[in-house]
Amino acid sequence: MTYQIKDLEDYKRVYKESIDNPDEFWADQASTFKWIKKWEKVKECDFQGPEIKWFIGGKLNITENCLDRHLDESGDKIALLWEPNNPDQEHQSYTYRELFTEVCQCANALKANGIVKGDRVILYMPMVPELAIAVLACARIGAVHSVVFAGFSAQALADRINDAKAKMVICSDINNRGNKTIPVKKVVDDAMELSCPTIETVIVYRNSPEEINWDYRINKWWHHELDGQSPTCDPEPMDSEDMLFILYTSGSTGKPKGVVHTCGGYMVYTSFSFKNVFQYKPGDIYWCTADIGWITGHSYIVYGPLLSGATTMMFEGVPTYPDAGRFWEICEKHKVNQFYTAPTAIRALMAKGNDWPAKYDLSSIKVLGTVGEPINEEAWNWYNEKIGKGKAPIVDTWWQTETGGIMLTPLPGITDTKPCYASYPLPGIVPVLVDSDGNLVEGNDVEGLLCIDQPWPSMIRTTYGDHDRCKQVYFSMFEGKYFTGDGARRDKDGRIRVIGRVDDVINVSGHRMGTAEVENAINEHPNVIESAVVGFPHDIKGQGIFAYIITDQKQKDHSEFYDEIKAVVSKEIGPIAKPDEIMVVSGLPKTRSGKIMRRILRKIAANDASNLGDISTLLNPEIVEEIKTSKGIIN
Ligand code: PRX
């Protein structure tokens, strides 16, 4: 098992060791896993290429380390707990042995359907255990999984399928979310209609007795395909640098990019970070409320916990169904020890009042985690007082799809915590602040752009099918450094607070959204001439989406048009990208070279028209006044 830091002195010692002798440090961590063939060299990392390689020459299968490795000693221990959407339905559990069997059967079913090492398989599934099983089954046979969050639209799904040139989709018939039933398979059918020529098979997990549309040429039932499959499946030997998965995420330009993670480094880092950040102890029940459609679910529902032999819980539903006490009821029921969620959920539940958490016994909780967006002080305090009763340290974990694992965080019971601060780097991580010219911003009580100075095992390797994009976005801004896209401040004691994105990415309820992506969707409406999308502060979501639109529609009442805009965004991307506010404008503030001045639009969207800067150099300064007036901002 990877090393678990014990106390502050130990953290300081381990951190120093990891920076002074990274190869030795990571080799020590890696050697605690089962390797089919040991690596020859710990790393070769060139940020110029970029060419990032860890545990070079090593062969392994991550599922052998998630499953087989635990069978002798902990085969009967619960690996996966599943809590259904409907509280009246029984929860389910899988021991390590049971999970192993399910994964092997699913892996054999994939093979029987022609999936071989290197093939891409799209998983478009609700939060049912079969999603975790399918993820691991892909990894078992060396297929590359790409989980697409089941809230994305048919168009977004088709884009991802086609970018990945996937051979198979695994989905469910429906998805139960709160009191809604979402027709998942119908979205897959629609994606197929949009043309996904590489897809040969769609495997459908049955989640409801209702009849669904069926295409006998490519549709197959999950239970038919798994029935009768052998309960064992040899793990495919994977090179450390073979692809493990692709996960699509939004950037500031163009379409979402497929972030590629590989087997060896990802395995070592997710396990190491899981054990340390959550201070997981044998017997603990760990619950992360994320969806496996995002990186948090990959690293800290599936891989990190299972690699560490933990009991990990999955929840099918939403925090407010059947009522705002659901999370806390589940914590009481399963005696959850580590609870990991997003600030947006905390804010939404805080708004429902203190009576909900007060109804439940939350004394089992030892560690509280937050991830995905900056947490505001009020939410942090509420989480600390009402959920943790001041006794469960909060780990405000900062990281990204691209980093694969947690990078900055307090360590519970080991380092201190401070509201809104992700605080300290994990071993092996060297965060630095730079100014816009790339000069290091040194000292304390300063702000800058957050970069990472040294390679770490689970870092992004490439963006699928477009290596140059990876280079441009992350490695070209500041030579020799990985650029995160975030701005941060270092306080007087050296703790880091991540403030938010400095690029054209907005973070809505912890979901990353590219403004260009939303604009492209809006521009699909035939009456849109031009649009500009910015984020604005939102009480629950953290950031909301504000769309300024120029239209050729002449009528005064735009309410129907607004509905159409929301519909077109839902169709192109998914309901999560729908603008919260839309304003029809006659022009957009532009520089003389034609660039939209988003800074001004952001300020107006936030109802803050102070310090707009010198607008006289704009191509059309008069438009600023017009937009301010429409927004009801008076000087
Ligand atoms: O802006 C940062 C914000 O979320 C971005 C990464 O989003 P994504 O790749 O979807 O991964 C989210 C889950 C790991 C970051 O660039 N972010 C994430 N965690 C925090 C955060 N901002 C502030 N504090 C955090 N703890």
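The values are calculated or read from the model by the stated rules, or taken from the named source; none is laboratory data. Values in this document were obtained by computation on a predicted structure and should not be read as measured data. Glycine also receives a Cβ, built like all others from the backbone with ideal geometry; neighbour counts cover every protein chain displayed. Accessible surface is based on the protein model in full, side chains and every heavy atom, while ligands, DNA and RNA are left aside. Shrake-Rupley method; radii C 1.70, N 1.55, O 1.52, S 1.80 Å.
Here are some notes:
- Between amide H atoms placed 1.01 Å from N, distances below 5 Å from ASP119 occur with VAL144, all of them 5 or more places distant or on a separate chain.
- Solitary cysteines of the chain, where the nearest other Cys Cβ is not under 4.7 Å: CYS45, CYS66, CYS106, CYS138, CYS171, CYS196, CYS263, CYS288, CYS331, CYS420, CYS451, CYS470
- Alpha carbon Rg of region 531-579, scaled by the compact-globule rule 2.2 N^0.38 Å: 1.23
- For region 270-310: relative contact order, % (alpha-carbon pairs under 8 angstrom, 6 or more apart): 56
- Student exercise, region 335-477 dipole from Lys, Arg, Asp, Glu Cβ charges, in Debye to nearest 20: 880
- Amide hydrogen proximity for TYR248: with H placed 1.01 Å from N in the peptide plane, the residues at 5 or more positions away or on another chain lying under 5 Å are VAL259.
- Dipole of the chain, positive direction: furthest Cα of ILE56, VAL14, GLY613, with charges on the beta-carbon: VAL14
- For region 474-519, relative contact order (Cα pairs under 8 Å, six or more residues apart, normalised by length) works out to 22 percent.
- Residue-count net charge about LYS257 - beta-carbon cut-off 10 Å; Lys, Arg +1, Asp, Glu -1: -1
- Other residues lying with their Cβ under 13 Å from the Cβ of LEU60 contribute a combined charge of 0, Lys and Arg counting +1, Asp and Glu -1.
- Net length available on complete extension from THR617 to HIS558 is 18.1 nm, with 0.36 nm assigned per residue and the Cα-Cα distance removed.
- Straight-line cross-link partners of LYS59 among the aspartates and glutamates, defined as a Cα under 12 Å from its Cα and at least 8 positions apart when in the same chain: GLU40, GLU236, ASP239, GLU241, ASP242.
- Accessible surface, the chain, averaged per residue in Å² (probe 1.4 Å): 38
- Of the three principal axes defined by the Cα atoms of region 441-558, the extents in descending order read 56, 38, 21 Å.
- Euclidean distance of C-alpha centroids, region 1-80 and region 205-251, integer Å: 28
- Whole-number percent relative contact order across region 101-186, with pairs defined as alpha carbons under 8 Å at least 6 apart: 33
- Chain lengthening between LYS571 and ASP466 when straightened (0.36 nm per residue, less Cα-Cα): 35.2 nm
- Karplus (6.51, -1.76, 1.60) ³J(HN,Hα), θ = phi - 60°, over region 176-185, in Hz, Gly and Pro reported as x: 9, 9, x, 8, 9, 10, 9, x, 5, 4
- With a threshold of 25 Å on the Cα-Cα distance, the over-threshold entries among LYS16/LYS37; LYS77/LYS418; LYS185/LYS578 are LYS16/LYS37; LYS77/LYS418.
- Long pairs among LYS275/LYS471; LYS257/LYS554; LYS180/LYS541; LYS117/LYS481; LYS6/LYS391; LYS257/LYS590, criterion Cα-Cα beyond 26 Å: LYS275/LYS471; LYS257/LYS554; LYS117/LYS481; LYS257/LYS590
- Heavy-atom surface analysis with a 1.4 Å probe gives region 1-115 a carbon and sulfur content of 46 percent of its accessible area.
- Of the GluC sites (Glu not before Pro) found in region 10-46, the ones in coil according to DSSP and having at most 11 other Cβ atoms within 10 Å of their Cβ are GLU40.
- Partner aspartates and glutamates whose Cα lies under 18 Å from the Cα of LYS389, excluding those fewer than 8 positions away in the same chain, are identified as GLU329, GLU332, ASP355, ASP361, GLU377, GLU378, ASP416.
- Contour minus Cα-Cα distance for LYS34 and SER586 (0.36 nm per residue): 192.4 nm
- Straight Cα distances below 18 angstrom link LYS186 to the lysines LYS220, LYS571, with same-chain residues fewer than 8 positions distant left out.
- For the chain, with +1 on Lys and Arg beta carbons and -1 on Asp and Glu, the positive-most of HIS558, VAL336, ASN520 along the dipole: VAL336
- Test item: Cα-centred dipole of region 357-414, Lys/Arg +1 and Asp/Glu -1 on Cβ, debye: 360
- The charge dipole of the chain, taken about its Cα centre with unit charges on the Cβ atoms of Lys, Arg (+1), Asp and Glu (-1) only, comes to about 360 debye.
- Trypsin sites (Lys or Arg not before Pro) restricted to DSSP loop in region 487-526 with at most 11 other C-beta within 10 Å: LYS492
- Computed P(r) (all Cα pairs; region 384-431; 10 Å bins; percent): 28, 49, 20, 3
- Options ALA532, TRP39, MET168, ranked by Cα towards positive dipole end of the chain, top entry (Cβ charges): TRP39
- Once the Kirkwood radius over Cα pairs is known for region 338-450, the Stokes-Einstein relation at 25 °C and 0.890 mPa s delivers a diffusion coefficient of 160 µm²/s.
- Rounded to two decimals, the Cα-based Rg/Rh of the chain, with Kirkwood Rh, is 0.95.
- Rounded percent of accessible protein surface that carbon and sulfur make up, region 385-482, 1.4 Å probe: 44
- Accessible area of region 178-304 belonging to carbon and sulfur atoms, whole % at 1.4 Å probe: 51
- Helical content alone sets the calculated 222 nm signal of the chain at -7500 deg cm²/dmol, taking -39,500 (n - 2.57) per DSSP H segment of four or more residues and averaging over every residue.
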